[in-house]
Every structure is written in C-alpha cells, then in structure tokens.
Amino acid sequence: MFSEVLDLSGSRHALPDLSKFICSRLGNTGRLHSDIHCAKSLGESILRQLSEERSATGGLRLSQSGACIKQLAYQYHHEVPNGMQIGAASKIAFTIGDITEAILVSALAECFDNPSIQLSGALTFAGKDQETVYMEVDCGQAGSGRVARIPGHPDGTMMVFSPDNATMYECILEVKSMSDYGYRKFVNSGLSSDDSYYSQVQSYMHCKGLKWAYLVAYNKSAGARDAEILDDGTWQPVPALKGQWIPYDHEHVLQTKDKFRSVINSRSPEDIQRPHSSNRKGQLAFPCDYCSYYKTCFPLCSEEVSESKWLTKSTKIKVIAGE
Ligand code: SF4
C-alpha cells in the first residue's frame, strides 16, 4: 500500500497510501483502542460545538490561508457579518465533521501502533495533544520588528517511513470533509494550488519546517451505494476515503504571507479590491455565496429561491435480481 509521489523538483518518493490503511481498519469490527480520542474527549468535542463561536469576527487563522482576501479584511476589521449565516444546519455539519475527523485520526493512530499492520511510523500532536503553530508575518518596514503571529491547528504530525525503512518523512496530517462534487473532483484530479486546503497545509508545513503533508478527505454526503463509471465503461464504488501527499511549496507560502500582510496593513476592507465577481448569469458563485459578508461586499445583491428543473444526477449501485 505504497505509491510513488513526486516532489516539486521531480524527485520520486515512495510514500504509504494512508487512506487505504484507515479504510482497512474501519472495515474491521472491533473497538478503536487509540487513546488519542477516548469516548470522553469525543463527547467533549460534540459539546464544544454548542458553545464555540464560529462567527467570522476575531483574529486571522491559518485555516483561512486560502480564503478570499477581502473576506479576511472584513473579518480583521470587525465588520458585522452580513451574508451567509451560521445556523443549526452548519452546527450539525461541524459536529459531524469533528467526530468523523476524530475517528479517522484514531484509526490511523491505531494502524501505526499495530505491529501486525505493515505501517512503520507514529502519529503525534493529534486529538487531545493537538498543538498550536504560528506563522510569523513581517508587517512593517524592513527592520521595524513589527511581526504578526497567525495561529493554526494542524490535525496531527506524523513520521512515516519508505518501504525499506531507509528514509523517514516527518509530515503534517490534515483531515477534511468535502461536498459530493468536491470529493469526486478530488478523487479524480487531486488538490491543486488553487484549492484553499492546499494553502492551509502549506502554511502548516511552513510553521513546522516540514516538507510533506498528507491530506485525507471523505465525502460528507456519501452514500454506501455511490459508484462511479470509469472511462472504459466499467464501474467501481466511490472510495470512502481518499488521500494525497502534498510537497512543500515555498512560493505559495510567500503568496499567503503577502495576503495576510496586505490585510493587516489595510486601514479598512475598502482598501482591498474585490477579487471575485458574479458569474455569467449574474449570480454569486463559490466562495461568495458561502461568504459571511456578501451583502456588504455586493450591496445591490438580493436573494431569491428557484427550483432546479433537473433531478440531481447521481451514480448508484443497483442490484439486479438475475432470475
Ligand atoms: S463576497 Fe466574495 S469577493 Fe466579497 S468578501 Fe466574500 S468571498 Fe470575497
């Protein structure tokens, strides 16, 4: 369960397909034994969702490394949110996401701990031991010493080894839920540098001085009978999890630092140009339609409801009786 991965210089590395190890563990019955997430800490993460403020006010965070620069400026300057609301549906989604992430991380930790599984390495700074890392962004004139420290919380740090155990890789672990569309795109073409998760893991690698990150994703609206039809006409179930090794990209980190610097040095959100516009139909598309400030950013916008004329397209496994 290893595959060959290229870094940005084109060098080849044999790295484990961790999502397959996790799937294999979850496919077995038996209680998870990892103490990274005990039943108590899982329960606490559920209760925290009901008290935690996930409003868009407050400080910048590394999880926002790929966010719209103007959205960050609204947040940084404490603009009152006026757009997409965080309500009960979002809370339920966040809670389910936290629990799923905890279970996936625990399953991976157990794969490392189990001598009968051929996976050398270790998982640290995960679950209750999750650490805070900081990106330092120089915000003043050269030598002024004015530095912003932007915090982030990677899901974990791992040590993994090449198949012959000759090379050790220390890397970031990040677990993400994705929409059905986003997940199928990720399964088929992987993460690109335009994806916000790419920026986020780059920032984490930078803070920890690491050269690799592994992002494992799951489809938050997956059904057990979801399938995909391949180019040759055959089909296969959509994998429950998919992972990708991502090498460190220093140029990308410099762009992220520039973005945070521009936000911090702005006098108001109006100093920052709006980087997105409406689509050909005059509608706001992602990320604007999920933004907490779209009514401020597009003051003439209005909301309307329309029914889709088409049934949602889906690809499901059907069972033919054959009699
Ligand atoms: S509405 Fe769009 S352009 Fe405006 S702040 Fe939000 S994401 Fe950025």
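The values are calculated or read from the model by the stated rules, or taken from the named source; none is laboratory data. These numbers were taken from a predicted model, which means no experiment stands behind them. Don't worry about glycine lacking a Cβ; one is built from the backbone with ideal geometry, like all the others, and counts go over all protein chains shown.
Here is a yes/no grid of residues against (1) of a type in the set (A, V, I, L, M, F, W, C); (2) at pLDDT below 80; (3) surrounded by 14 or more Cβ atoms within 10 Å (Cβ to Cβ); (4) out of contact with any helix residue (DSSP H, G or I) (no Cβ under 8 Å at 6 or more places or on another chain):
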{"residue": "SER19", "(1), (2), (3), (4)": "no, no, yes, yes"}
{"residue": "GLY27", "(1), (2), (3), (4)": "no, no, no, yes"}
{"residue": "LEU32", "(1), (2), (3), (4)": "yes, yes, yes, no"}
{"residue": "ILE36", "(1), (2), (3), (4)": "yes, yes, yes, no"}
{"residue": "ARG54", "(1), (2), (3), (4)": "no, yes, no, no"}
{"residue": "ARG61", "(1), (2), (3), (4)": "no, no, yes, yes"}
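If the requirement is being acidic (Asp, Glu) and at pLDDT 90 or above, which of these qualifies: GLU131, GLU110, GLU101?
Result: GLU131 is the single residue among GLU131, GLU110, GLU101 that is acidic (Asp, Glu) and at pLDDT 90 or above.
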I need the full set of residues from the stretch 58-85 which are outside any loop (DSSP other than H, G, I, E, B) and within 11 Å of the ligand (Cβ to nearest atom), in order please. ILE69, LYS70, GLN71, LEU72, ALA73, TYR74, GLN75
GLN118 vs. criteria among the polar types (S, T, N, Q) and either exposed (fewer than 14 other Cβ atoms within 10 Å of the Cβ) or in a loop (DSSP other than H, G, I, E, B) (or both): yes
Those residues of the stretch 267-289 which are within 24 Å of the chain's Cα centre (by Cα) and among the hydrophobic types (A, V, I, L, M, F, W, C), in sequence order: LEU284, ALA285, PHE286, CYS288
How about the stretch 274-309: which of its residues are more than 9 Å from the ligand (Cβ to nearest atom) and among the charged types (D, E, K, R)? ARG280, LYS281, GLU303, GLU304, GLU307, LYS309
For GLU131, all conditions in the list (1) in a helix (DSSP H, G or I); (2) surrounded by 14 or more Cβ atoms within 10 Å (Cβ to Cβ); (3) not β-branched (Val, Ile, Thr) hold save one; what is the number of the exception? (1)
Would you confirm whether or not the stretch 193-201 contains a residue that is not in a helix (DSSP H, G or I) and not acidic (Asp, Glu)? yes
Out of (1) under 25 Å from MET159 (Cα atoms); (2) touching a residue at least 24 places away in the same chain (Cβ under 8 Å); (3) not hydroxyl-bearing (Ser, Thr, Tyr), the odd one out for LYS220 is which? (1)
Considering each residue of the stretch 230-247, count those that are touching a residue at least 12 places away in the same chain (Cβ under 8 Å) and closer than 25 Å to LEU26 by Cβ, and give that number. 11
Which of the residues spanning the stretch 248-278 are touching a Phe, Trp or Tyr at 6+ places or on another chain (Cβ under 6 Å) and either free of Cβ contacts under 8 Å to residues at least 12 places away in the same chain or under 30 Å from LYS208 (Cα atoms) (or both)? VAL263
